[in-house]
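Novice: Here it is, the structure, as structure tokens.
Here, each number is a calculation from the coordinates, and none is a lab measurement. Bear in mind the structure is a predicted one, so any value in this text is a computation, not a measurement. With ideal geometry, Cβ positions are generated from the backbone for all residues, glycine too; neighbour counts draw on all protein chains shown.
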Amino acid sequence: MSRLFISGEAIPVTVDADAMPCSFTWNGQPHTVERILSRWRVDLFWWRSRVCREYFKVITESGLLVVLYRDGVRQAWHVQRIYD
């Protein structure tokens, strides 16, 4: 089972020197990224309302599996999906 946030839910994220997520806060709880499982980019609709995102599927130290993305247009981080 998973929870999908269609537009993403804005969250604060701490990144390392390579701009990779190290930790984030969701629902008032801090989470430390243990491992990045996959990473991909999406760049669509440059002729309309551009969508430029970098996605990260991560697992936290507590075992939470999450898809995060950085919005390249707004320079903001979001949580897209939480897996149970």
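Novice: Would you mind ranking Tyr83, Tyr55 so that the residue whose beta carbon has the fewest other beta carbons within 10 Å leads the list?
Specialist: With the sparsest Cβ surroundings first, the list reads Tyr83, Tyr55.
Novice: Ser23's amide H: which non-local residues (gap 5+, or another chain) put their own amide H closer than 5 Å, with H modeled 1.01 Å from N in plane and none for Pro or chain starts?
Specialist: So Ser23 has HN proximity to Thr14, Val33.
Novice: At most 14 other Cβ atoms within 10 Å and a DSSP loop assignment: could you name the trypsin sites (Lys or Arg not before Pro) in region 5-84 that fit?
Specialist: Arg48, Arg50, Arg74
Novice: Report, by chain and number, residues whose modeled amide H sits under 5 Å from the one on Gly72, excluding near sequence neighbours (fewer than 5 apart, same chain).
Specialist: Hits under the 5 Å cutoff: Cys52, Arg53, Glu54.
Novice: Give me a comma-separated list of calculated 3J(HN,Hα) values for region 65-73, in order, Karplus coefficients 6.51, -1.76, 1.60 applied at θ = phi - 60°, integers in Hz, x for any Gly or Pro.
Specialist: 9, 9, 10, 10, 9, 9, 7, x, 7
Novice: Shape call for the chain from the C-alpha gyration tensor, a ≥ b ≥ c root eigenvalues: rounded (a/c under 1.5), prolate (a/b greater than b/c) or oblate?
Specialist: Note, shape of the chain comes out prolate.
Novice: Here's another thing I want to ask about it. Using θ = phi - 60° and the Karplus curve 6.51 cos²θ - 1.76 cosθ + 1.60, what whole-Hz ³J(HN,Hα) does each residue of region 25-36 get, with Gly and Pro shown as x?
Specialist: Computed from phi, the couplings for region 25-36 are 10, 9, 6, x, 10, x, 9, 9, 6, 8, 7, 8 Hz.
Novice: Residue by residue, what Karplus-based ³J(HN,Hα) values in Hz, rounded to whole numbers, does region 56-61 have, using 6.51, -1.76 and 1.60 with θ = phi - 60° and x for Gly and Pro?
Specialist: Those phi angles translate into 9, 9, 10, 10, 8, 4 Hz.
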